[in-house]
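Asker: Okay, handing you the structure first.
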There are 2 protein chains.
Amino acid sequence: MATIRVPDEVPSPAQDSETLNKAFRGWGTDEKAIIRVLGKRNESQRKRIRESYREIYGKDLIDDLSSELSGDFKKAVILWTKDPAERDARFAYKVLNEKKKTTEKLKIVVEIACTSSPNHLIAVRKAYCSLYDSSLEEHIASSVPFPLAKLLVTLATSFRYDKEKVDKEVATIEAGMLHEAITKKQLDHDHVLYIIGTRSIYQLRATFAAYKQSYGNTLDKDVDGCPGDADLRSLLQMVILCIEFPEKHFAKVVHDSIEGFGTDEDSLTRAIVMRAEIDLMKVRGEYFNMYNSSMDNAIIGDVSGDYKDFLMTLLGSKI
Amino acid sequence: MATIRVPDEVPSPAQDSETLNKAFRGWGTDEKAIIRVLGKRNESQRKRIRESYREIYGKDLIDDLSSELSGDFKKAVILWTKDPAERDARFAYKVLNEKKKTTEKLKIVVEIACTSSPNHLIAVRKAYCSLYDSSLEEHIASSVPFPLAKLLVTLATSFRYDKEKVDKEVATIEAGMLHEAITKKQLDHDHVLYIIGTRSIYQLRATFAAYKQSYGNTLDKDVDGCPGDADLRSLLQMVILCIEFPEKHFAKVVHDSIEGFGTDEDSLTRAIVMRAEIDLMKVRGEYFNMYNSSMDNAIIGDVSGDYKDFLMTLLGSKI
């Protein structure tokens, strides 16, 4: 369930382009108009606006947004306006291109690989090859240390079956295989890798349920208690969370980004922009369940100005 | 370089559908008309004929071909007329669904994974998910023994960068990593798997050349001499051949299928149908280089009737 609110009557892409271009012209920029237009258009509408803007003004809308806006507001509007597959390819590249790839950063690759639809993930890989001189998996395999690279390549190259069909017998057997790997302290065992990396989301949820039923603890808890490579453990726990409860994962990202001193605007923007058209309504519900407070109020209390107004628009408020 | 000959003036899909339908009607079937139409149309033209046939006659062209034709001719015409991604998904499924998956059979999965364009391989995986209750990689991981499964999953899930850009320094380094794995008798080493499975075809060809330059032997030869799992060795050699010289691989498939007593029509058909629009002209040249005889004559000497005429049409003869 998305949070963005597309009006019942949407102006044509040409009209929207004109409103945007007008907002850029003259002294100062009309940020409110930009929020009103782009914050209330879905993916395909934004795509048509980009195309129409280029046709009418012979310029790239993203370039104009980039020169007219600033700060976190600018970053958020641009990420929202970009083609989502290109956006996610750039997120992944930024992480993989860093000299020091911390596990925290690599989690963004897990997030993209495990919370995207199979078709979106393929689109991200195509965008990656178009933007950079490398495939996504090639960049992972050649720049991330093993065994983390193995896990990430398997996740990033998956094209999971996406229907809700589940084989309970397979779920029980594979829960047993996961348990055996944990008992033997082999989190990087091929069985772990290929069960987690190739089975459908629905099948894996059944496997996780079978695991709890057979062995008492959740898989996440047993992975947490398994000795060995702390980074692999941490990534695997994130994989489990993203597959089982993507909404909880994103609620956590939002919460962590505004918790404590200062705000991690990049993470906050990423979570809101990535999920506003997918399941941000559920993320909001999970946030309330997990932290017993309103996600919207927490964001409002932490950010300000046009950036706040834009995020609130994506969250469906009637600003 | 393709071998099929599309006429300068191609009838409309509706006209072609009518010719085909007429060939099915009445007593007997006009096989020559079927060969003349379908054997001289490219992929997108055949697609439009399938669509047009359904619109006009409310029936599936493949179903009608299936009930009107017989034997190897029928199999070849149907494989040629089907959507190529669906065709290859069915080839892979047939292998993976067999109880006894011999290495010889698994080579068909290697062939599809290593000689397809990146976009075609993705299309095959999409078709696989649509046709069967499983993804291609899931089926491999859950039904093929390790370490063969690891190699096949990595190959089948690749989306290789497809531009000719090569990093010679990387080629030298990775040739060294391959050599080290062979020296240590570890053909299933992660480095082997991820170099072979994620690098671009052009980069790998440079790596193979660097290998020969640095270590004297070809990589293929050293893999051949490496002790250990004979099946893995055999699959890896096939991977190297398919990546370095896909034309030689297909020339070998054609040669093996007609060599000795009897003919392996399924393999012969598969090779011709898969490559007629891609590089069958080069395959013909390689066949001559490798066996010092004409591929066309060898095929003509080994098969007969409409099947022969159809293969010859795909090979560009003016029958």
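Asker: Quick one: B:ALA89 ticks every box in (1) modelled with pLDDT under 95; (2) in the same structural domain as B:ALA141 (by TED's automatic domain parsing) bar one, so which box is it?
Answerer: If we test B:ALA89 against (1) modelled with pLDDT under 95; (2) in the same structural domain as B:ALA141 (by TED's automatic domain parsing), just (1) comes out false.
Asker: Restricting the first residue to the stretch A:121-132 and requiring it to be at pLDDT 95 or above, which pairs with a second residue that is small (Gly, Ala, Ser) and in a helix (DSSP H, G or I) meet a Cβ separation below 6 Å and a spacing of at least six or different chains?
Answerer: Between residues of the stretch A:121-132 that are at pLDDT 95 or above and residues that are small (Gly, Ala, Ser) and in a helix (DSSP H, G or I), the close pairs are A:ALA123/A:ALA85; A:VAL124/A:ALA85; A:VAL124/A:ALA89; A:ALA127/A:ALA85; A:ALA127/A:ALA89; A:TYR128/A:ALA89; A:LEU131/A:ALA89.
Asker: Considering every residue within the stretch A:6-14, establish whether at least one is under 21 Å from A:LEU315 (Cβ atoms), assigned to a loop (DSSP other than H, G, I, E, B) and free of Cβ contacts under 8 Å to residues at least 12 places away in the same chain.
Answerer: The answer is yes; a qualifying residue exists.
Asker: Of the conditions (1) more than 14 Å from chain B (Cβ to nearest Cβ); (2) within 29 Å of A:LEU232 (Cβ to Cβ), A:ALA89 fails just one. Which one is it?
Answerer: (1) is the only condition that A:ALA89 fails.
Yes/no per residue for (1) modelled with pLDDT of 95 or more; (2) among the hydroxyl-bearing types (Ser, Thr, Tyr); (3) surrounded by fewer than 18 Cβ atoms within 10 Å (Cβ to Cβ):
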| position | (1), (2), (3) |
| --- | --- |
| A:LYS212 | yes, no, yes |
| A:LEU235 | yes, no, no |
| A:MET274 | yes, no, no |
| A:ASN292 | yes, no, yes |
| A:GLY301 | no, no, yes |
| A:PHE310 | yes, no, no |
| A:LYS318 | no, no, yes |
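Asker: Report the residue count in the stretch B:106-135 for those that are part of a helix (DSSP H, G or I), within 9 Å of another protein chain (Cβ to nearest Cβ) and open to solvent by less than 10 Å² (accessible area, probe 1.4 Å). Show your work before the answer.
Answerer: Going residue by residue through the stretch B:106-135, those that are part of a helix (DSSP H, G or I) are B:106-115, B:118-131.
Narrowing the set further to residues that are within 9 Å of another protein chain (Cβ to nearest Cβ) leaves B:118-119, B:122, B:125-126, B:128-129.
Keeping just the survivors that are open to solvent by less than 10 Å² (accessible area, probe 1.4 Å) gives B:122, B:125, B:128.
Qualifying residue count for the region: 3.
Asker: Exactly one of (1) more than 14 Å from chain A (Cβ to nearest Cβ); (2) more than 29 Å from B:TYR93 (Cβ to Cβ) is unmet by B:LEU187. Its number?
Answerer: Single failed check for B:LEU187: (2).
Asker: Can I ask one more? Of everything in the stretch A:167-184 that's in contact (Cβ under 8 Å) with a residue 12 or more places away in the chain and open to solvent by less than 50 Å² (accessible area, probe 1.4 Å), which residue is farthest from the other protein chains (Cβ to nearest Cβ)? Break it down into steps so the answer makes sense when it comes.
Answerer: Taking the stretch A:167-184 first, the residues in contact (Cβ under 8 Å) with a residue 12 or more places away in the chain are A:167-168, A:170-172, A:174-179, A:182.
Checking which are open to solvent by less than 50 Å² (accessible area, probe 1.4 Å) leaves us with A:170-171, A:174-176, A:178, A:182.
Details: A:VAL170: 8, A:ALA171: 12, A:GLU174: 9, A:ALA175: 14, A:GLY176: 14, A:LEU178: 14, A:ILE182: 18 Å.
Once the filter is applied, the top-ranked residue is A:ILE182.
Listed here are the residues, each with its yes/no results for (1) among the hydroxyl-bearing types (Ser, Thr, Tyr); (2) under 30 Å from B:GLN203 (Cα atoms).
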residue: A:ILE108; (1), (2): no, yes
residue: A:SER135; (1), (2): yes, yes
residue: A:LYS163; (1), (2): no, no
residue: A:LYS168; (1), (2): no, no
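Asker: Is it the case that the stretch A:106-113 has a residue that's among the basic types (Lys, Arg) and touching a residue at least 60 places away in the same chain (Cβ under 8 Å)? Quick ask: steps written out before the conclusion?
Answerer: The initial filter retains those residues of the stretch A:106-113 that are among the basic types (Lys, Arg), namely A:107.
Applying the additional criterion that residues be touching a residue at least 60 places away in the same chain (Cβ under 8 Å) yields A:107.
Yes, because at least one residue in the stretch A:106-113 is among the basic types (Lys, Arg) and touching a residue at least 60 places away in the same chain (Cβ under 8 Å).
Asker: Being over 20 Å from B:LEU314 (Cα atoms) and either buried (at least 16 other Cβ atoms within 10 Å of the Cβ) or touching a strand residue (DSSP E or B) at 6+ places or on another chain (Cβ under 6 Å) (or both) is the filter here; which residues of the stretch B:15-28 pass it?
Answerer: Filtering the stretch B:15-28 for residues over 20 Å from B:LEU314 (Cα atoms) gives B:15, B:18, B:21-22, B:24-28.
B:GLU18, B:PHE24 - these are the residues of the stretch B:15-28 that are over 20 Å from B:LEU314 (Cα atoms) and either buried (at least 16 other Cβ atoms within 10 Å of the Cβ) or touching a strand residue (DSSP E or B) at 6+ places or on another chain (Cβ under 6 Å) (or both).
Asker: Right, next: Tell me, yes or no, whether the stretch B:201-210 has at least one residue that is facing chain A (nearest Cβ under 10 Å) and within 23 Å of the chain's Cα centre (by Cα).
Answerer: Looking through the stretch B:201-210, at least one residue is facing chain A (nearest Cβ under 10 Å) and within 23 Å of the chain's Cα centre (by Cα).
Asker: Right, here's the next one. If I go through the stretch B:38-63 residue by residue, how many of them are within 22 Å of B:GLU265 (Cα to Cα) and open to solvent by 10 Å² or more (accessible area, probe 1.4 Å)?
Answerer: Initial filter on the stretch B:38-63 (within 22 Å of B:GLU265 (Cα to Cα)): B:38-40, B:62-63.
So of that shortlist, the ones also open to solvent by 10 Å² or more (accessible area, probe 1.4 Å) come out as B:40, B:62-63.
Qualifying residue count for the region: 3.
Asker: Taking interchain pairs and intrachain pairs at least six residues apart, which have beta carbon atoms under 6 angstrom, with the first residue in the stretch B:140-156 and more than 8 Å from every other protein chain (Cβ to nearest Cβ) and part of a helix (DSSP H, G or I) and the second buried (at least 24 other Cβ atoms within 10 Å of the Cβ) and small (Gly, Ala, Ser)?
Answerer: Sorted first by the residue in the stretch B:140-156, then by its partner, the pairs are B:LEU155/B:ALA113; B:LEU155/B:GLY197; B:ALA156/B:ALA113.
Asker: Restrict the check to the stretch A:197-205 and report whether at least one residue is under 20 Å from A:ILE140 (Cα atoms) and in contact with a Leu (Cβ under 6 Å, 6 or more places away or on another chain).
Answerer: yes
Asker: Do any helices (runs of 4 or more DSSP H) lying entirely in the stretch B:177-265 carry at least 1 residues that are within 23 Å of A:VAL144 (Cα to Cα) and among the acidic types (Asp, Glu), and which ones are they?
Answerer: Correct list: B:190-198.
Asker: In the stretch A:64-83, what count of residues is obtained for those that are open to solvent by less than 50 Å² (accessible area, probe 1.4 Å) and free of Cβ contacts under 8 Å to residues at least 12 places away in the same chain?
Answerer: 0
The values are calculated or read from the model by the stated rules, or taken from the named source; none is laboratory data. As the structure is a computational prediction, the values presented were derived from the model and not from experiment. Note that each Cβ is placed from the backbone with ideal geometry, even for glycine, and that neighbours are counted across all protein chains shown. These area figures cover heavy atoms from the full protein model, side chains too; ligands, DNA and RNA do not enter into them. Shrake-Rupley method; radii C 1.70, N 1.55, O 1.52, S 1.80 Å.
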